[in-house]
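Please read through the structure below; I'll follow up with questions.
The values are calculated or read from the model by the stated rules, or taken from the named source; none is laboratory data. Quick caveat: nothing in here was measured; it's all calculated off a predicted structure. As a convention, Cβ positions derive from the backbone with ideal geometry for all residues, glycine included, and neighbour counts pool all protein chains shown.
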Amino acid sequence: MKWRVVDFEYWNAWMNMALDEAIGDAVRSGKSPPTIRFYGWDPSAVSIGCFQSIKDEVDLDACRRMGVDVVRRRTGGGAVYHDKEGEITYSVIAPEGIMEKDINKAYFTVCSWIIDALDLMEIPATFVPINDILVEGRKISGSAQTRRGGVFLQHGTVLYNISPGKMFSVLRVGRTKISDKNIASFEDRVTSILRHAKLSKDRVLQELRRSFTKGKEWEKGAYTEEEKSRARQLVLERYSREEWNFSR
Amino acid sequence: MQNITAELKVKGGKLVRVRIACEENMVFHIEITGDFFIHPEEGLDAIENVLVGLRLPVSASEVERLVNEVVTKGNIKMMGFSPMDLAMLVAGALA
């Protein structure tokens, strides 16, 4: 099966999440091939897991002051600050049948693509179940997965250049969350590519694409008009709505 | 109406919070939040629903039995916390 790879583009938070869902719809109906997309967030945004309480996780006043958008994902997992300059996000959207049935194995597979890309950048990284990739004990990438109506979605982040100040202004990180980790502070938990290798974002994207497509038949592609139109509809119906974003 | 909040960071797992509203020694409403995963995602509503109506006092084993039932029936996978973790959290909050 030939994969479509959509190169890095910036979208706002609502469209980014809506595009994942719209592509999933198109994959389900057989109109689009399995897709790997790389993207950024403009403006910077916080995404929260679908089971999180927005008020527990996000300083909404700080977000408003800083012009940071907030969106609830369809996937579980934690709150993520997606810095416009400092982060690369990916999504893998495919018929469930071509990915591992076992959720943990599928996490391992896709995270291995990221680890292999980091290896190409000479950054040794390890997978830590359920969904983290660490470099020297610090998180450089996190992912979340869902399967709906026969379609597999895993999306996640790769930190390129962290802005701890901004990150910790907009995220509320409770002490309980880090209580089982032998670290001085939450800030010590994260790292980024630029801390380990002085590489351009383009080079990082090139290595990610190389690794994600290894052994696959693939071609570069773009979103179809139908996908973009469906995504805009999903923004109106779901991702921009308080009923969705404030549902917990 | 009595409102109770409790949270647990599962060792090697995820953070789970519960907000429980009780009235006349009965669980009136429960909301479970956190950075865990549940597949399918709708499974969380089913888990919450099965706990509404619980009469106090409640034991962890009773909560675990109810959660296990709904998890088995709905073929629900919980990742980052277990029915026992949730049971301990809920029973501890209601103690």
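Output the residues belonging to the range B:47-95 that are assigned to a helix (DSSP H, G or I) and of a type in the set (Lys, Arg). Explain how you work it out, then say what you get.
First pass over the range B:47-95, keeping only residues assigned to a helix (DSSP H, G or I): B:47-51, B:60-73, B:83-94.
Passing the criteria: B:ARG65, B:LYS73.
Within the range A:104-136, take every residue that is part of a loop (DSSP other than H, G, I, E, B) and more than 14 Å from every other protein chain (Cβ to nearest Cβ) and give me the one that is surrounded by the fewest Cβ atoms within 10 Å (Cβ to Cβ).
So the residue we want is A:GLU122.
Just give me the residues in the range A:214-248 being farther than 25 Å from A:VAL68 by Cβ and buried (at least 16 other Cβ atoms within 10 Å of the Cβ), in sequence order.
A:TRP218, A:GLY221, A:GLU227, A:ARG230 - these are the residues of the range A:214-248 that are farther than 25 Å from A:VAL68 by Cβ and buried (at least 16 other Cβ atoms within 10 Å of the Cβ).
Would you be able to say whether some residue in the range A:4-15 is acidic (Asp, Glu) and either farther than 30 Å from A:SER200 by Cα or surrounded by 18 or more Cβ atoms within 10 Å (Cβ to Cβ) (or both)?
So far as the range A:4-15 goes, no, none of its residues is acidic (Asp, Glu) and either farther than 30 Å from A:SER200 by Cα or surrounded by 18 or more Cβ atoms within 10 Å (Cβ to Cβ) (or both).
Further question on the same structure: Find the residue count for the range B:67-81, including only residues that are out of contact with any helix residue (DSSP H, G or I) (no Cβ under 9 Å at 6 or more places or on another chain) and within 14 Å of chain A (Cβ to nearest Cβ).
Within the range B:67-81, residues that are out of contact with any helix residue (DSSP H, G or I) (no Cβ under 9 Å at 6 or more places or on another chain) and within 14 Å of chain A (Cβ to nearest Cβ) number 1.
Also, quick follow-up: Please count how many residues of the range A:204-221 are more than 19 Å from the chain's Cα centre (by Cα) and either in contact (Cβ under 8 Å) with a residue 12 or more places away in the chain or in a helix (DSSP H, G or I) (or both).
Residues flagged as more than 19 Å from the chain's Cα centre (by Cα) and either in contact (Cβ under 8 Å) with a residue 12 or more places away in the chain or in a helix (DSSP H, G or I) (or both) within the range A:204-221 amount to 7.
Among the residues that make up the range B:16-39, is at least one of them more than 14 Å from every other protein chain (Cβ to nearest Cβ), touching a strand residue (DSSP E or B) at 6+ places or on another chain (Cβ under 6 Å), outside any loop (DSSP other than H, G, I, E, B) and loosely packed, with under 15 Cβ neighbours inside 10 Å?
Taking every residue of the range B:16-39 in turn, at least one turns out to be more than 14 Å from every other protein chain (Cβ to nearest Cβ), touching a strand residue (DSSP E or B) at 6+ places or on another chain (Cβ under 6 Å), outside any loop (DSSP other than H, G, I, E, B) and loosely packed, with under 15 Cβ neighbours inside 10 Å.
Mind listing whichever residues of the range A:104-118 are touching a residue at least 40 places away in the same chain (Cβ under 8 Å) and in contact with a Pro (Cβ under 8 Å, 6 or more places away or on another chain)?
Across the range A:104-118, the qualifying residues are A:TYR107, A:LEU118.
For the range A:39-96: of the residues being in a loop (DSSP other than H, G, I, E, B) and charged (D, E, K, R), which is nearest to the other protein chains (Cβ to nearest Cβ)? Working first, answer last.
Of all residues in the range A:39-96, those in a loop (DSSP other than H, G, I, E, B) come to A:42-44, A:49-53, A:59, A:67-68, A:73-79, A:83-86.
Now narrow it down to the ones that are charged (D, E, K, R): A:42, A:59, A:73-74, A:83-85.
On the way: A:ASP42: 25, A:ASP59: 17, A:ARG73: 10, A:ARG74: 7, A:ASP83: 19, A:LYS84: 23, A:GLU85: 25 Å.
Filtering first and then ranking leaves A:ARG74.
Considering each residue of the range A:137-165, count those that are part of a loop (DSSP other than H, G, I, E, B) and free of Cβ contacts under 8 Å to residues at least 60 places away in the same chain, and give that number.
Of the residues in the range A:137-165, the ones part of a loop (DSSP other than H, G, I, E, B) are A:137, A:149-150, A:160-163.
From what's left, free of Cβ contacts under 8 Å to residues at least 60 places away in the same chain: A:137.
Going through the range A:137-165 one residue at a time, the tally reaches 1.
Here's a follow-up. Yes or no: the range A:33-56 includes at least one residue that is more than 19 Å from the chain's Cα centre (by Cα) and either at positive phi or hydrophobic (A, V, I, L, M, F, W, C) (or both).
No - not one qualifying residue is present in the range A:33-56.
Limited to the range A:178-203, what total is found for residues that are at pLDDT below 90, more than 25 Å from A:ALA106 (Cβ to Cβ) and either outside any helix (DSSP H, G or I) or in contact with a helix residue (DSSP H, G or I) (Cβ under 8 Å, 6 or more places away or on another chain) (or both)?
Summing the residues that are at pLDDT below 90, more than 25 Å from A:ALA106 (Cβ to Cβ) and either outside any helix (DSSP H, G or I) or in contact with a helix residue (DSSP H, G or I) (Cβ under 8 Å, 6 or more places away or on another chain) (or both) in the range A:178-203 gives 10.
Now for a separate question. When the range A:1-38 is examined, which residues are found to be part of a helix (DSSP H, G or I) and of a type in the set (Lys, Arg)?
A:ARG28
What is the number of the single condition among (1) without any contact (Cβ under 8 Å) to a residue 60 or more places away in the chain; (2) under 16 Å from the mean Cα position of the chain (by Cα); (3) in a loop (DSSP other than H, G, I, E, B) that A:LYS101 does not meet?
(2)
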